[in-house]
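Notes to accompany the following structure.
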Amino acid sequence: MSISENLQIIRSFLDPYKTKLIAVSKTYPSETILEAYNSGQTDFGENKVQELMSKYEVLPKEIRWHLIGHLQSNKIKYIAPFIHLIHSVDSFKLLKEINKEAEKSNRTINCLLQVHIAQEETKFGFSEEELLHTIQSEELKELKNVRISGLMGMASNTENEEQIKKEFQHIQKLFNKIKSSFQTDQIKMEELSIGMSSDYKLACKSGSTMVRVGSAIFGSRNYL
Ligand SMILES: *Cc1c(COP(=O)(O)O)cnc(C)c1O
């Protein structure tokens, strides 16, 4: 299967009015990304700043770049001038640092708060309690150069569909709760970033507005 065929198959499952496809291009070279771009894909996700930067420099400027991996404070300055959306904000401290760099770039950076929904200990993200605390904090209001545009989550790495469904429904509930009770000019629940190659169809049933799909488009990364 070619990249453009894979993209077509995935898009045929998505309601274009509800769910955007973010092509996760980590580990794949720029030529491969260009192939997807030439098939009409404009949103790409990377999980490492350095890799994102080297691709940003050589690829068309029309591409919208999404950072989806854990971000270190000292790397924000590189992506602040152009990043379209940071999906992986996992602490208030990081949000403050993003705000600082956004201000230097004269921008407002759209951010998603990453919520820990999986059973695994290793995944980053806010707990439900931390999330609700952060959303309501007075300190947040002072961060004029960031906008909270939604939530991101990763389900457990399991074959158990019931478990994955449960985790997606949990984050969807949180999303709707914040949307109905805590929206401000700065907090706008527009994007729910859930679903990867193995579970994007399930995620769509739980209201995903952005699926982050890599291997189902570009092939397995295992050999890399
Ligand atoms: C790698 C990655 C994806 C895509 O994973 P696939 O299984 O290849 O679709 C999605 N989200 C995050 C945060 C990732 O790191």
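Here, each number is a calculation from the coordinates, and none is a lab measurement. Note that the structure is a prediction, hence the values are computed from the model and not measured. All Cβ positions, even for glycine, are placed from backbone atoms using ideal geometry, and neighbour counts span all protein chains on display.
Below is a table of values for the structure above.
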| read-out | value |
| --- | --- |
| J(HN,Hα) series, region 2-9, from Karplus relation 6.51 cos²θ - 1.76 cosθ + 1.60, nearest Hz, glycine and proline x | 7, 4, 5, 5, 4, 4, 5, 4 |
| Members of Lys20/Lys104; Lys20/Lys75; Lys100/Lys141; Lys77/Lys144 lying beyond 19 Å, as alpha-carbon distances in this model show | Lys20/Lys104; Lys20/Lys75 |
| For region 3-218, alpha-carbon Rg over 2.2 N^0.38 Å | 0.97 |
| Cut-off 15 Å (backbone N to label point 7 Å along Cα→Cβ of Ser2), residues of region 181-224 | 218 |
| Using θ = phi - 60° and Karplus 6.51 cos²θ - 1.76 cosθ + 1.60, couplings along region 48-53 (whole Hz; Gly, Pro as x) | 10, 4, 4, 5, 4, 4 |
| Added length on full extension, which subtracts the Cα-Cα distance from 0.36 nm per residue, Thr122 to Asn157 | 11.5 nm |
| Chain lengthening between Lys188 and Asn38 when straightened (0.36 nm per residue, less Cα-Cα) | 50.8 nm |
| Distance between modelled label sites at Glu130 and Ser54, nm, 7 Å Cα→Cβ extension | 3.1 nm |
| Value of relative contact order over region 149-224, rounded to a whole percent, pairs C-alpha under 8 Å and six or more apart | 30 percent |
| Cα convex hull of region 15-79 - mean projected area over all directions, nm² | 4.9 nm² |
